[in-house]
Every structure is written in C-alpha cells, then in structure tokens.
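The values are calculated or read from the model by the stated rules, or taken from the named source; none is laboratory data. The shown structure was predicted, so the numbers you read here are calculated from the model rather than taken from an experiment. Backbone-built Cβ (ideal geometry, glycine too); neighbour counts: all protein chains shown.
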Amino acid sequence: MSEAFDRAVAFQREFERRRAETAIRSTHGTAYLSPTLPKVYDRNVFLVDLGAKASAEELVAEAAWAFLMHDLAHRKIAIDDELATAVDAEFRDAGWQVEKLVVMPHARPATPVETSAVEEVAADVLVPVWESRMRRDIADAETIAQLIEAQRGRADALDVRYFATRFGGRIASYCELFSDGRTGQIESVMTEEEFRNRGLGTAVVAGALAASRAVHDFTFIVADANDWPKELYRKLGFEPAGTVHRFLLRPEN
C-alpha cells in the first residue's frame, strides 16, 4: 500500500480511538465501544491490529467477549489490511455482511467545478434533514435519536465542518469535513433524491475539498467499492489507494 493510504488509515483509526467511550484490548485488536449508543454500530467496533494474523473464528471470539461485556447485540469488526482478504469467505459463510471501502486520497488537479452555491452551515441546519432521511428507512425512534447523537458527537473527537447546497430554499446536498489540523476527510456525502442529477453532489464535495486544501496538506474520501460515487470522486481528483473492510453481524430479531 502507499504512504497516502497508510496516512488515511491512521487518521481513521485515531478517530475511532478518540470518539470511543471505552476501549477493551485483546490479543489481535481493540474494541472501541460507546455503550450509551448501542444501536449505533459505527460507534461500537472491534478494530483489528494492523499486521495481525488470525482466523475469522478467533476475531469473532475476541469481539464477542468485548461486546458481551456491555450487552451489545450486534458485532462489527474492522480490518484495514490484507488480512481482510484472507478471512472474507469465512465471514460470508457465517452470515456476516461484508462492506468493502475504497480509500481515495486527493491526488491530482481536476476540472474546475462551480461551487458558488455551496455554503458552510451549522450542524443544527442539517439535523432535520438527517432525521427526515433516517425516518424513511428506520421505524424505531430510539435508533434515530442515537444516530443523530452520534452524528453530532463526531465534533467531540475532531473538528467537523458542514457544507451544503440549497435548491428552492431547501437543503439539497451536504457533506462533512473532518480535521485533525493536518489531514482532512470528506464524509457523509448525500444528495436528496429529488435534487439528484443537477451536479449538486459534485459541487458540495468540491466546496469541501477547496476548504480542506486551504488548511490541510492531505485530504481523502472513502467510498463504497461497489457503488457509483467513487467515479464522481475520481473526476474531482481523488484516486483509489487501497481498500478497508467492515464485517457486520446484525442482531437477530
């Protein structure tokens, strides 16, 4: 992997550490947990050590021990190196959901994008949009409340800025920019369905990128390896540098 990939991975791993309420160390990794947010899977994850050598069975056992200590019903395991390829089939065969993510550092200039419609907004402006979007897929009000709390709580671990565009006075697209002072990560890129195919998603990412490049010497974004947005990001100068994996076992109903 490249130096840029390593730097992006290090940033994300440090973010996991900073935002966790508790950390439980085991043989092959550390469980970073937020037991007050049990329905937020991204805040409760077993992060496997870089360079670890273990089977899926061993990792599952270690994660289970940590999660059971705090009565967490789901299991989530994050692997950021080649070990993921070795254990992928084992997790799939055991019924785990596998998410492959492409780490894309900003690596080259891109065709200029009109960003005059992009504005920096406060989190309070986006909360109603987040809630509305979540209600389309999630019926449980407590889950939504925890997800909103987790979204806002990111600012407790890193500096977070929010960028958006409007159409007809409504928020149409938005994203976040995380910062530790040297590195910027663009995250949570979304365009409301009725406003798609207008270039607003491209504009909001380009606006956040410009803001990041003004203060950071390194900016990256992470995309689903099996979804189309990664091609949009390539047009903006982001290039794939490597992949990370997230393995999720949802609780039984």
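Listed values, structure above:
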| item | result |
| --- | --- |
| Residue among GLU194, GLU187 that alone is over 30 Å from PHE247 (Cβ atoms) and not hydroxyl-bearing (Ser, Thr, Tyr) | GLU194 |
| Residues satisfying the stated conditions in the stretch 144-159, i.e. farther than 13 Å from ASP124 by Cα and of a type in the set (Val, Ile, Thr) | ILE144 |
| Filtered residues of the stretch 38-72 (kept if assigned to a loop (DSSP other than H, G, I, E, B) and either assigned by TED's automatic domain parsing to the domain that holds ALA150 or at negative phi (or both)) | PRO38, LYS39, VAL40, ASN44, ASP49, LEU50, ALA52, LYS53, ALA54, SER55, HIS70, LEU72 |
| Given (1) in a loop (DSSP other than H, G, I, E, B); (2) under 14 Å from ALA157 (Cβ atoms), index of the condition ARG17 fails | (1) |
| Some residue of the stretch 46-61 being within 16 Å of the chain's Cα centre (by Cα) and buried (at least 21 other Cβ atoms within 10 Å of the Cβ) | yes |
| Test: residue in the stretch 220-227 that is aliphatic (A, V, I, L, M), touching a Ser or Thr at 6+ places or on another chain (Cβ under 9 Å) and modelled with pLDDT of 95 or more | no |
| Filtered residues of the stretch 1-34 (kept if polar (S, T, N, Q) and under 26 Å from ARG108 (Cα atoms)) | SER2, GLN12 |
| Close pairs from the stretch 93-121: first closer than 24 Å to ARG198 by Cβ, partner surrounded by fewer than 14 Cβ atoms within 10 Å (Cβ to Cβ), Cβ under 6 Å, at least 6 apart | none |
| The listed residue being free of Cβ contacts under 8 Å to residues at least 60 places away in the same chain and either in contact with a Ser or Thr (Cβ under 8 Å, 6 or more places away or on another chain) or farther than 12 Å from HIS28 by Cβ (or both), out of ASP88, ASP80, ASP49 | ASP49 |
| Wholly enclosed strands (runs of 3 or more DSSP E) of the stretch 73-192 bearing at least 2 residues within 25 Å of GLU14 (Cα to Cα) | 75-79, 97-105, 159-167, 170-179, 183-191 |
| Candidates THR183, THR191, THR219 - the one that is among the hydroxyl-bearing types (Ser, Thr, Tyr), surrounded by 21 or more Cβ atoms within 10 Å (Cβ to Cβ) and without any contact (Cβ under 8 Å) to a residue 24 or more places away in the chain | THR191 |
| Selection status of ARG234, in contact (Cβ under 8 Å) with a residue 60 or more places away in the chain, surrounded by fewer than 16 Cβ atoms within 10 Å (Cβ to Cβ) and either in contact with a strand residue (DSSP E or B) (Cβ under 8 Å, 6 or more places away or on another chain) or not assigned by TED's automatic domain parsing to the domain that holds PHE91 (or both) | no |
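Residue by residue, here is whether (1) farther than 30 Å from ALA145 by Cβ; (2) surrounded by 21 or more Cβ atoms within 10 Å (Cβ to Cβ) holds:
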| site | (1), (2) |
| --- | --- |
| GLU3 | yes, no |
| VAL9 | yes, no |
| SER26 | yes, no |
| ALA31 | no, yes |
| ARG43 | no, yes |
| PHE67 | no, yes |
| GLN97 | no, no |
